[in-house]
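A short reminder: the numbers here are calculations on the coordinates, not readings from a lab. All of these numbers come straight from a predicted model, not from anything done at the bench. Quick reminder, even Gly has a Cβ in these numbers, built from the backbone with ideal geometry, and neighbours come from all protein chains shown.
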Amino acid sequence: MTPTSHHIDLTYLKNMSGENNELIIEMINIYKAQIPEFIEIMKKGVDDTDWEALASIAHKAKSSVAIMGISYLSEALKEMEVRAKAKTDLETIIMYVADFERICLQSIVELDEAVKNLK
């Protein structure tokens, strides 16, 4: 990915909040606080082959990334949830977890920049 790549799209968040910058910043801060926990649970789920934990965290994380406009990652998390519920294809789930971590960490950098512009 190049530094000019963009993952986030705050259109939904802006519309939902009525362009309320304080609420947008609050939602961004919640997202930023959740991501490290999501990553940790996903990695532990993979390490332990804990299908239930993987399905649960994929379900929980998909709405968080969707709110930040990362729709393609939300779709990947739907696929991850389906595979985990079926207890199949751990190798693909491992790829989804790696993509989730990489994209979410990049999105946090983008969101930090967006917050500066909202203040």
Exercise for the section: Say whether the condition of being under 30 Å from Lys119 (Cβ atoms) and small (Gly, Ala, Ser) is met by at least one residue in the range 82-97. Expected result: no
Practice task
Would you check if there is a residue in the range 25-34 being surrounded by fewer than 20 Cβ atoms within 10 Å (Cβ to Cβ) and among the small types (Gly, Ala, Ser)?
Solution key: yes
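Go over the candidates Ile35, Ile30, Ile39 one by one and state the one that is touching a residue at least 40 places away in the same chain (Cβ under 8 Å) and within 25 Å of Asn117 (Cα to Cα).
Values: Ile30 fails: touching a residue at least 40 places away in the same chain (Cβ under 8 Å); Ile39 fails: within 25 Å of Asn117 (Cα to Cα).
Just a single option satisfies the conditions, and that option is Ile35.
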Exercise for the section: May I ask you to list the residues in the range 86-117 that are of a type in the set (Ser, Thr, Tyr) and under 15 Å from Ala33 (Cα atoms)? Expected result: Ser107
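Please go through the range 8-27 and give me each residue that is in contact (Cβ under 8 Å) with a residue 60 or more places away in the chain, β-branched (Val, Ile, Thr) and either under 19 Å from Leu73 (Cα atoms) or not in a helix (DSSP H, G or I) (or both), ordered by number. Full working, then the answer.
The first filter runs over the range 8-27 and keeps only residues in contact (Cβ under 8 Å) with a residue 60 or more places away in the chain, leaving 8-10, 21, 24-25.
Subsequent filtering for residues that are β-branched (Val, Ile, Thr) retains 8, 24-25.
The answer is Ile8, and nothing else.
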Exercise for the section: Would you be able to say whether some residue in the range 52-68 is part of a loop (DSSP other than H, G, I, E, B) and surrounded by 12 or more Cβ atoms within 10 Å (Cβ to Cβ)? Expected result: yes
